[in-house]
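Structure first, then comments.
The values are calculated or read from the model by the stated rules, or taken from the named source; none is laboratory data. Quick caveat: nothing in here was measured; it's all calculated off a predicted structure. Heads up, the Cβs are rebuilt from the backbone with ideal geometry, glycines too, and the neighbour counts pull from every protein chain shown. Accessible surface is based on the protein model in full, side chains and every heavy atom, while ligands, DNA and RNA are left aside. Shrake-Rupley method; radii C 1.70, N 1.55, O 1.52, S 1.80 Å.
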Amino acid sequence: MKYVILGAPLSPFVRKVRVFCAEKGIDYDLEPITPFDPPQGWTDISPLGRIPVLALVEDDGSRRYLPDSSVICAFLEQMHPDKPLIPVEPVARGEMLWLEEYADSDLAACIGLGIFRPVALAGLMGQEPDLAQANQTIENDLPKYLDYLEAQIGDREFFVEDRLTLADIAVATSFVNMAHSGFSPDATKWPNLVAFLERMHGRDSFAGFIAAEKKMLG
Ligand SMILES: N[C@@H](CCC(=O)N[C@@H](CS)C(=O)NCC(=O)O)C(=O)O
């Protein structure tokens with residue numbers, strides 16, 4: 001069986017799955033899909049109209065589809081148990097799943113809608129960036145997430161089990177979108193989180209994608 005990731009590289013959720021694959025050494029092809037201009041029949045494949053979707057391609061070319069980054073990562077973890085990124089021990093697993101959910105839902109929405117879309121995505125689409133909206137998000141909406149993550153990471157290298165897990169990838173991916181928009185959390189207020197993000201974004205699994213995406217954004 002072959003894998004094809006359907007999605008756009010700038011999506012934090014597509015990047016989450018790609019980094020997960022890079023860390024585990026899983027091969028796949030990427031088929032570009034923009035959710036704002038999807039191909040015909042897209043909602044048959046992705047009922048919520050979202051990216052990413054993983055296509056499972058059989059030798060005869062037939063395909064089955066799995067939407068949602070969390071579902072995709074859980075599936076791939078079972079298919080490729082080497083270099084585990086989802087803990088098995090129940091408490092660690094619960095903590096990891098919670099951080100993944102926290103990052104994928106509210107954190108991603110705050111950064112995506114409040115910073116990335118009005119600045120980087122607007123620029124990519126030839127519109128005037130709305131820096132006022134981004135600054136407003138950074139001053140009023142984002143700090144509660146940064147405070148929580150700063151407290152959770154403390155002086156540890158990773159969020160869960162003292163080793164890389166999907167929680168680290170899920171948190172770090174949205175901050176790539178913040179960086180693409182020209183912003184980063186204030187290191188004097190959130191030093192441990194900023195140090196964590198620098199370590200994560202410097203890993204081979206993230207760094208290659210970040211460099212390629214920067215080129216796309218010009
Ligand atoms: N929970 C989903 C969220 C995916 C998501 O929201 N993707 C965005 C792109 S970053 C999307 O496709 N948005 C289009 C839409 O919601 O119509 C996941 O983890 O895959």
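Some observations on this one:
- Qualifying position, being open to solvent by less than 30 Å² (accessible area, probe 1.4 Å) and not hydroxyl-bearing (S, T, Y), among W42, W98: W42
- Considering L113, L197, L149, the condition of being assigned to a helix (DSSP H, G or I), touching a helix residue (DSSP H, G or I) at 6+ places or on another chain (Cβ under 9 Å) and open to solvent by 60 Å² or more (accessible area, probe 1.4 Å) is satisfied by L113 alone.
- Some residue of region 162-176 being open to solvent by 30 Å² or more (accessible area, probe 1.4 Å) and in a loop (DSSP other than H, G, I, E, B): yes
- Selection of region 85-104 for residues being β-branched (V, I, T) and assigned to a helix (DSSP H, G or I) yields only V91.
- Counting only strands (runs of 3 or more DSSP E) that sit wholly inside region 1-84, those with at least 1 residues that are under 18 Å from the mean Cα position of the chain (by Cα) and away from the ligand (no atom under 14 Å from the Cβ) are 2-7, 29-32.
- Residue in region 116-139 that is in a helix (DSSP H, G or I), among the hydroxyl-bearing types (S, T, Y) and within 28 Å of C21 (Cβ to Cβ) present: no
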